[in-house]
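**Student:** Quick one: structure below, then a few questions.
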Amino acid sequence: MRTNKFGTWLAGAVLLATGLVGASAPAQAATNAAASSSAAAVAQAAPPTTPPDKAEPVTPPAKPTSKDTKPKGNTKVKKKAPPNSGGVSTFATCTSPCYFYSGVLRNPGGGATIDGISDNVRINKPNRAGDYHSLGEVIVQKGAGSSMNAVEIGWTVDPALNGDDDPHLFVYWWKLGAGQGYNGAGFVDNGAEPLDAGDSLAGDIGVSKRMFIWHYNGAWWVSYDNKYIGYFPDSLWGTGVFTNTTYQQVFGEIAATTDPTCSEMGNGIMPVAGGTTAALMGSLSKIVGQTASAVVSLDPWTSTTVTRPTSWGLVAASSYTFRYGGPGDC
């Protein structure tokens with residue numbers, strides 16, 4: 001992950017019998033509304049179209065059984081904290097790693113908080129062109145800079161982390177502005193689900209999967225494809241410190257070794273108005289409530305961030321769905 005990144009994250013979860021307090025997990029959420037089109041065309045499948053915006057409910061998870069009694073996370077792979085300002089930013093040079101973003105920020109201002117965020121994220125396998133990583137993610141956070149606490153979930157193409165160039169599921173968390181590592185080091189795995197943080201998502205390439213982060217019963221739960229894969233307990237930040245979120249972001253990111261770079265973001269296709277082939281993130285929704293009666297509703301972003309629009313773009317399909325990415329500088 002990044003040292004200073006594009007989104008904001010939520011974190012926290014209840015610890016299990018590993019010396020942490022047991023938590024009741026949220027039940028499995030509703031089926032993902034976003035799905036790629038399977039309509040056949042001559043010689044090849046038609047590109048997936050934009051699915052209709054739909055806010056899907058969440059249900060509390062069942063109490064999980066932890067499979068992992070020791071942290072297995074990687075704290076050495078580079079990650080940057082999310083950028084919290086919207087608009088277009090450019091730079092001529094940077095010190096490796098160089099970070100590039102394309103995505104949206106939800107920041108209603110006034111100190112308003114919510115309890116989680118949901119988005120349908122299409123899984124991709126971009127060409128890294130020898131760079132550190134290219135990824136797509138959802139993040140919730142509270143605070144900024146040295147006071148930022150956050151939780152992330154997403155897919156990443158990162159051979160230093162995963163050992164190959166396929167997309168893999170990841171989770172990550174932040175405490176007081178410091179990254180705490182990928183896929184462990186505080187994350188409690190839900191043993192009831194076979195899918196783990198760090199697993200390959202090669203079978204999901206080109207398919208939209210719902211990802212959400214929700215604070216429930218003393219923990220920040222993370223879900224992929226409506227399956228709760230685990231949580232971050234509140235005790236990681238301290239009692240009552242990080243139990244809701246003021247910033248939420250959904251975006252693509254590249255960590256490059258040089259600038260310019262030929263790395264792709266998303267699926268490598270530059271989005272255009274009315275286009276249906278570029279990478280997709282959709283049905284941005286907020287979660288309000290920390291009980292089984294929590295309300296999920298479509299909620300528009302408040303700003304966009306595009307580091308270099310000539311190389312990786314962003315085009316809105318609605319107030320809740322957008323296409324993003326591009327081929328890089330080559």
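**Student:** Peptides 223-229, 120-126: what's the order by average Cβ count within 10 Å, highest mean first?
**Tutor:** The most tightly packed comes first, giving 120-126, 223-229.
**Student:** Ranked highest first by the average count of other Cβ atoms within 10 Å around their residues, in what order do 104-116, 141-153 fall?
**Tutor:** 141-153, 104-116
**Student:** Based on other C-beta atoms within 10 Å, arrange Y231, Y99, Y324 from fewest to most.
**Tutor:** Y99, Y324, Y231
**Student:** Give the shape of segment 284-330 as rounded, prolate or oblate, defined through the alpha-carbon gyration tensor: a ≥ b ≥ c are the square roots of its eigenvalues, a/c under 1.5 means rounded, and otherwise the shape is prolate if a/b is larger than b/c and oblate if not.
**Tutor:** prolate
**Student:** Next question. Return the long-range amide H neighbours of S303 (sequence gap of 5 or more, or a different chain), with a cut-off of under 5 Å between placed amide H atoms.
**Tutor:** L105, N107
**Student:** Sort I205, I117, I269, I139 by Cβ crowding within 10 Å, fewest neighbours at the top.
**Tutor:** Going from sparsest to densest Cβ surroundings: I205, I269, I117, I139.
**Student:** Multiply the residue separation of S319 and S96 by 0.36 nm, subtract the distance between their alpha-carbon atoms, and state the gained length in nm to one decimal.
**Tutor:** Contour length minus the Cα-Cα distance gives 76.8 nm.
**Student:** Determine, for each peptide in 270-276, 232-238, the mean count of other beta carbons within 10 angstrom over its residues, then list the peptides with the highest first.
**Tutor:** So the peptides 270-276, 232-238, ranked by packing, come out 232-238, 270-276.
**Student:** Determine, from the Cβ-Cβ distance of V241 and A160 and an R0 of 35 Å, the FRET efficiency 1/(1 + (r/R0)^6), rounded to the nearest 0.05.
**Tutor:** So the FRET efficiency works out to roughly 0.65.
**Student:** Arrange C98, C330, C262 by Cβ neighbour counts within 10 Å, fewest through most, would you?
**Tutor:** C330, C262, C98
**Student:** Now a separate question. Taking 0.36 nm per residue of sequence separation and subtracting the Cα-Cα distance, how much length would be gained by fully extending the chain between C262 and A112, in nm to one decimal?
**Tutor:** 50.1 nm
**Student:** Per residue of segment 119-124, what does 6.51 cos²θ - 1.76 cosθ + 1.60 with θ = phi - 60° give for ³J(HN,Hα)? Whole Hz please, x for Gly and Pro, Karplus curve as stated.
**Tutor:** Those phi angles translate into 7, 8, 10, 7, 7, 10 Hz.
Laboratory data are not the source of any read-out in this text; all were calculated from the coordinates shown. What you see is a predicted model, and the numbers here were worked out from it, not measured in a lab. With ideal geometry, Cβ positions are generated from the backbone for all residues, glycine too; neighbour counts draw on all protein chains shown.
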